[in-house]
Structures are given as C-alpha cells and as structure tokens.
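Input: a single structure, listed below in structure tokens.
The values are calculated or read from the model by the stated rules, or taken from the named source; none is laboratory data. These numbers were taken from a predicted model, which means no experiment stands behind them. Here Cβ is always computed from backbone atoms with ideal geometry, including for glycine, and neighbour counts include all displayed protein chains. The protein model used for the area step is the full one, side chains on, heavy atoms only, and it has no ligands, DNA or RNA in it. Shrake-Rupley method; radii C 1.70, N 1.55, O 1.52, S 1.80 Å.
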Amino acid sequence: MAIRNILTSEDPVLRKTSRPVTNFDKRLHILLDDMADTLREAAGAGLAAPQVGVLRRVCIVDLGDDDGLTELVNPEIVSAEGRQEGREGCLSVPGVAAVVARPERVTVRARDRRGNEFTTTGEGLRARAYCHEIDHLDGKLYTEDVIRYLTEEEMAEGGEE
Ligand code: NI
C-alpha cells in the first residue's frame, strides 16, 4: 500500500479517455489499495485512476457514511433521474469549489476487484460522486460544467462535499 501522487488539472493525462480493465489481477488490487490510501491521506470523497496517472476505468468513492469505500471497475451509468445542484470539488483542482448540476439519482453497473458484476444506486451526494468520478474516466473535469464558483467565504463555511 502506498500513497500516489495526485495529478492536477493542467496535466494532459486528466483529459484522456481511460481504457477498460481486462485483468482483475494483483496489479489492479494494488492500484485500488493505493488509491484508497491516497484518498484517505487527501481527505477526499472520491478518486479516479487517471488522477494518479493510470488510464484505466477504475474509481473509488468514500463519503464517510455507513457504505464505506465503494470500488467501481469499468463503471457505466445505466440510468439517471432528476436533477440536483450542489457543491463539488476535486482533488485535482485544489483550492476551489463550485456549484454543479447532476442527476439526483443514478444507477451504475460496474465490476468489483474480482471481476464480478454488480449494480449500485446512489442518490444526492452519492449520485454526484458517481457522476464526478466516472467523468474522470472520460477525461472530463467538473470545471467544464460549473454553474458558479464558490466564494472564499462560502468555502470557509464548509458544507457537504
Ligand atoms: Ni475529481
């Protein structure tokens, strides 16, 4: 287990499309374990493999709730409903946060680290986290869809992100 370096938004790697995982092997498990360490160290809510320089369709979400850490390999959004606006930040875009629109509820089909398929449905913050992380796998950052950036005052007040 190790902490990996998180790329920031000027790095062109973050704009590339990640490839699906085909081997659910030790290398994948090490990547997932390292991503979990990196996310914990950075105190973030989610992390995608391209953020640590690996262009594979792998992401993790940990909202600090009872669901714990969710590992998504080759995730696909299979349904999305509703609309929400909420604050979002990204470990690759330090020092800013913004209001972004996302679906209120999404269902994601993915594989776990052993290659078993599962589906998970997220609402509210979890739906937003799934969308944000899956966007990273398509080379997209939330800064492309900002409704408005938060002021420093609003950021200092904290919130749900
Ligand atoms: Ni992000």
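Can you name the residue in segment 110-134 that is open to solvent by 30 Å² or more (accessible area, probe 1.4 Å) and under 19 Å from Gly82 (Cβ atoms) and, of all such residues, is nearest to the ligand (Cβ to nearest atom)?
Of all residues in segment 110-134, those open to solvent by 30 Å² or more (accessible area, probe 1.4 Å) come to 111-114, 116-119, 121, 123, 125.
Checking which are under 19 Å from Gly82 (Cβ atoms) leaves us with 119, 121, 123, 125.
Details: Thr119: 22, Thr121: 21, Glu123: 20, Leu125: 14 Å.
Step by step, filter segment 110-134, then rank; the result is Leu125.
Residues considered: Arg83, Arg19. Of these, the only one that is farther than 20 Å from Tyr142 by Cβ, at pLDDT 95 or above and open to solvent by 40 Å² or more (accessible area, probe 1.4 Å) is Arg19. Gly89 falls short on exactly one of the conditions (1) closer than 19 Å to Thr22 by Cα; (2) surrounded by 20 or more Cβ atoms within 10 Å (Cβ to Cβ), and that condition is (1). Which ones in segment 75-93 are of a type in the set (Lys, Arg) and not in a strand (DSSP E or B)? Arg83, the sole residue that qualifies.
Within segment 1-57, can you find the residues that are within 15 Å of the ligand (Cβ to nearest atom), of a type in the set (Val, Ile, Thr), within 24 Å of Gly122 (Cβ to Cβ) and touching a residue at least 40 places away in the same chain (Cβ under 8 Å)? Selection gives Ile6, Val52. Summed over segment 58-74, the residues that are within 15 Å of the ligand (Cβ to nearest atom), open to solvent by 20 Å² or more (accessible area, probe 1.4 Å), in a strand (DSSP E or B) and aliphatic (A, V, I, L, M) give a count of 0.
Within segment 141-161, the set of residues being modelled with pLDDT of 95 or more and in contact with a helix residue (DSSP H, G or I) (Cβ under 8 Å, 6 or more places away or on another chain) comprises Leu141, Tyr142.
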